[in-house]
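Please treat every number below as a calculation from the coordinates, not as lab data. Worth saying up front: this structure is predicted, and the values here are computed from it rather than measured. Methodologically, a virtual Cβ is constructed for each residue, glycine included, from the backbone with ideal geometry; neighbour enumeration extends over all protein chains shown.
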Amino acid sequence: MHTLEIRDLHVALTESPDKPIVKGFSLTIKTGEVHAIMGPNGTGKSTLSKAIAGHPDYAITSGDVLIDGKSILEMEPDERARAGLFLAFQYPSEIPGVSIANFLRAAVQARLAEGEELDATGYYKKLYSKMDLLKIDRKFTSRSVNEGFSGGEKKRCEILQMAMLEPTFALMDETDSGLDIDALKIVAEGVSAMRGDKLGVMLITHYQRLLDHIVPDFVHVMYDGRIVKSGDKSLAFELEAKGYDWVKNELVTA
Amino acid sequence: MADTDTLPPADDTAVNPVGGIDQAVGNFQYDVNYEFDAGTGLTEDTVRYISSVKKEAPWILEFRLKALQTFLDKPMPTHWATKDLENIDFSKIRYYLSQGQKPKRTWDEVPDDIKQTFERLGIPEQERKFLAGVEAQFDSEAAYSNIKDIVAKQGVIFCNSTEALREHPEIFKKFFGKVIPTGDNKFSALNSAVFSGGSFIYVPPGVKVAQPLQAYFRINAENFGQFERTLIIADEGSEVVYMEGCTAPKFSTSTLHSAVVELVALKGAKIQYITVQNWANNVFNLVTKRGVAHEDAEIKWIDCNIGSRLTMKYPGVVLKGKRARGEVISIALANDGQHQDTGAKMIHAADDTTSVIVAKSISVGQGRSTYRGQVHIPKHLKGCKNNTECDALLINTNSRTDTYPAITVRGDTHAVQHEASVSKVSEEQIFYMQQRGLTEAQAMSLAVNGFVNDLVRQFPMEYSVELKRLIDLEMEGSVG
């Protein structure tokens with residue numbers, strides 16, 4: 001079992017470090033668990049995931065992030081990735097001229113020891129089996145990464161990468177945004193298929209509907225930069241019924 | 001005489017973790033005993049010396065001497081080109097070096113130290129393939145040449161230009177200096193005065209040369225200018241692909257490379273000329289390349305420029321016959337201290353002619369890339385088409401790119417399209433790739449390879465692999 005521990009994390013934009021966005025976020029995720037983070041827009045959900053992944057635009061002003069008790073904050077983004085951290089982007093970048101197959105190949109190669117060569121046959125075999133699992137057409141991987149993709153294709157591309165790179169912890173940032181219901185189902189099925197005791201998931205979402213398809217073990221409500229309420233999946237239903245104002249009001253009266 | 005250039009061979013310790021390639025690959029030199037050496041500096045005597053060593057016919061000496069005068073009379077083109085040209089010290093350059101060898105016919109006859117040099121070019125598997133059909137140039141003279149039987153059986157002449165002048169003067173003389181006249185520019189004049197080596201190819205009517213003809217060559221002496229002269233004639237309805245690639249050792253003082261390449265595609269013929277070059281960053285690479293495409297003929301230049309201190313090269317096609325087609329595909333990568341001043345020329349001179357230019361440049365660090373394009377479609381013609389696309393990628397904030405497209409179109413039945421773009425690899429892109437486990441340098445390399453990918457695909461397989469390696473090597477140390 002592995003753990004990802006986020007300890008009293010404070011995050012601000014690198015260019016304005018005195019304006020905190022994430023304000024004392026704490027959470028421990030174990031492999032085998034799926035944690036849903038819900039909350040209204042502008043509450044710091046995306047900032048949290050990017051800061052954990054090491055995006056240069058965000059500065060961690062205090063607190064710590066540890067994998068199996070070891071802080072990852074001094075690590076470069078690529079070292080964090082190779083340590084088992086995967087971020088499924090809300091808005092994935094386009095990489096013109098680089099096919100998905102070649103991109104993933106480079107990413108897999110980067111995980112091998114120096115001097116070790118990737119087994120191309122094995123790689124493609126695995127790639128195709130993951131594509132079958134996610135019901136992705138074979139032609140898809142010859143397209144340039146995210147270039148001219150629809151919202152659904154971009155998210156599917158993220159899930160495929162996740163399936164290939166087999167992270168220990170996946171931070172999924174609004175993976176459901178911009179998806180129609182069919183695409184949502186496919187993505188959810190993919191995540192569910194990867195679910196297991198080797199993977200811990202932090203699922204960031206604005207809406208409850210994704211949680212119909214990926215049933216979380218824990219639901220946390222994030223508001224104003226930290227977790228204000230935690231519970232099981234019933235909390236998601238409650239939120240859906242009562243709206244985020246319910247949490248706000250509860251905070252005020254508390 | 002024994003002129004021992006005493007730079008020791010570089011050791012083998014530097015290994016590129018990305019491509020698994022020896023980084024010092026362009027950095028070595030072997031002792032070569034130069035039997036013929038024209039000394040440094042350029043005078044009439046130098047030209048006479050070269051001509052006599054080569055046992056040339058009187059008309060060639062006359063041609064050379066006239067060219068020398070043209071060279072001396074012409075000013076440096078610094079009114080439009082970079083002032084860096086003024087830093088070339090013509091008195092310090094050696095204009096002729098030769099081992100005095102006859103081009104070799106079989107690999108066994110090639111001296112071991114030369115084999116070793118080829119080995120270190122880092123393309124062993126490819127070597128095996130092209131050894132049978134290659135004309136590889138070692139310094140001024142071809143040290144190795146072996147015309148593959150099948151090519152000769154088809155009646156194709158493939159040899160170095162010195163040999164061609166001796167053995168095939170009637171064909172040579174008919175086309176030599178006709179596409180690029182001596183006085184075209186200062187450096188074509190220089191080449192005409194002191195040329196040595198280079199390839200001569202003649203493809204008879206209707207012959208389609210199945211495998212590409214290749215020439216690998218290197219500069220291997222300090223302060224030594226290489227002035228090869230290549231002439232390719234594709235007779236009616238024939239087809240040929242020619243590939244040249246160069247990697248030069250790195251030296252502390254400037255080296256001048258000034259080639260002239262002339263192509264003639266007669267009616268319905270097709271010529272494809274492919275270049276991948278990786279000059280050391282002290283080389284002035286000032287090359288004139290042009291082809292004439294007759295009726296229904298097609299000339300395509302595929303050109304990749306990496307390295308050198310200054311490269312000035314604008315492959316051109318004169319579209320002389322109806323429905324002729326010209327194409328230039330070019331990739332340039334300028335790193336710190338390098339200036340790639342490249343582009344294309346398309347001169348439309350007949351109805352219904354088509355030209356295509358696709359140029360992509362990458363500027364790294366303080367590297368500077370310049371695109372210069374000239375497209376000329378005169379008023380009396382009908383139905384001409386040109387499509388120009390030039391894209392520049394800037395890697396660092398201090399990188400530089402300039403674009404100077406000159407398109408002159410007169411008449412009202414032509415179609416011309418011009419697109420240009422400048423882009424930068426974004427921080428967001430790099431972060432995205434890093435999040436997948438690639439280092440910043442690997443991410444940058446991948447982004448650059450992606451940028452040129454559609455053009456790299458037009459290179460033959462083994463070249464595109466080599467090109468990718470070269471780009472990876474160039475991108476190392478560009479970030480952080």
Run the numbers for A:Lys198 and A:Asp64: contour at 0.36 nm per residue of separation, minus the present Cα-Cα distance, in nm.
45.9 nm
Once the mean 1/r over all distinct Cα pairs of the stretch B:428-476 is inverted, what Kirkwood radius in angstroms do you read off?
11.2 Å
Would you calculate the separation in nanometres between label points at A:Tyr244 and A:Tyr91, each defined as 7 Å from the Cα along the Cα-to-beta-carbon direction?
1.7 nm
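For a Förster distance of 56 Å, can you work out the FRET efficiency between the beta-carbons of B:His418 and A:Val252, rounded to the nearest 0.05? Write down the numbers at each step before the final one.
Numbers: r = 62 Å, r/R0 = 1.11.
That pair, B:His418 with A:Val252, gives E of 0.35.
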In nm, to one decimal, how far is the modelled label at B:Glu427 from the one at A:Asp132, with both set 7 Å along Cα→Cβ?
4.4 nm
Calculate the radius of gyration of the Cα atoms of the stretch A:90-194 to one decimal place, then report Dmax, the largest Cα-Cα distance, as a whole number, both in Å.
13.5, 45
Sorted by chain and then number, the residues having a modelled amide H within less than 5 Å of the amide H of B:Ser361, at least 5 places away or on another chain, are B:Ala332, B:Asp391, B:Ala392, B:Leu393
Compute the distance in nm between two label points, each set 7 Å from the Cα along the Cα-to-Cβ direction, one at B:Lys174 and one at B:Asn387.
3.5 nm
Cβ-Cβ FRET estimate between A:Met1 and A:Ser177, R0 fixed at 35 Å, reported to 0.05
0.70
Could you run the Karplus curve 6.51 cos²θ - 1.76 cosθ + 1.60 with θ = phi - 60° over the stretch B:205-213 and give me ³J(HN,Hα) per residue in whole Hz, x for Gly and Pro?
x, x, 7, 10, 6, 5, 9, x, 8
Over the Cα atoms of chain A, what Rg and Dmax result, in angstrom?
18.2, 61
Nearest 10, in degrees from 0 to 90: the angle of helix A:100-110 to the longest Cα principal axis of chain A is 80 degrees
Counting only residues 5 or more places away or on other chains, whose amide H sits under 5 Å from the amide H of A:Gly200 once H atoms are built in the peptide plane?
A:Gly32, A:Phe169, A:Ala170
Tabulate in residue order the Karplus-calculated ³J(HN,Hα) for the stretch B:280-290, using 6.51 cos²θ - 1.76 cosθ + 1.60 with θ = phi - 60°, rounded to whole Hz; enter x for Gly and Pro.
5, 7, 10, 8, 8, 10, 10, 10, 10, 10, 8
How much of the DSSP bridge set in chain A is antiparallel, in percent, rounded to the nearest 5?
60 percent
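What's the Cα-based Rg to Rh of the stretch B:342-417, Rh via Kirkwood?
Using only Cα positions, Rg/Rh for the stretch B:342-417 is 1.12.
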Pairs over 28 Å Cα to Cα, from B:Lys66/B:Lys92; B:Lys55/B:Lys83; A:Lys70/B:Lys468; B:Lys54/B:Lys173, come to B:Lys55/B:Lys83; A:Lys70/B:Lys468
Could you pull out which residues in the stretch A:1-43 have an amide N less than 17 Å from a spot 7 Å beyond the Cα of A:Asp57, following the Cα-Cβ vector?
A:11-22, A:41-43
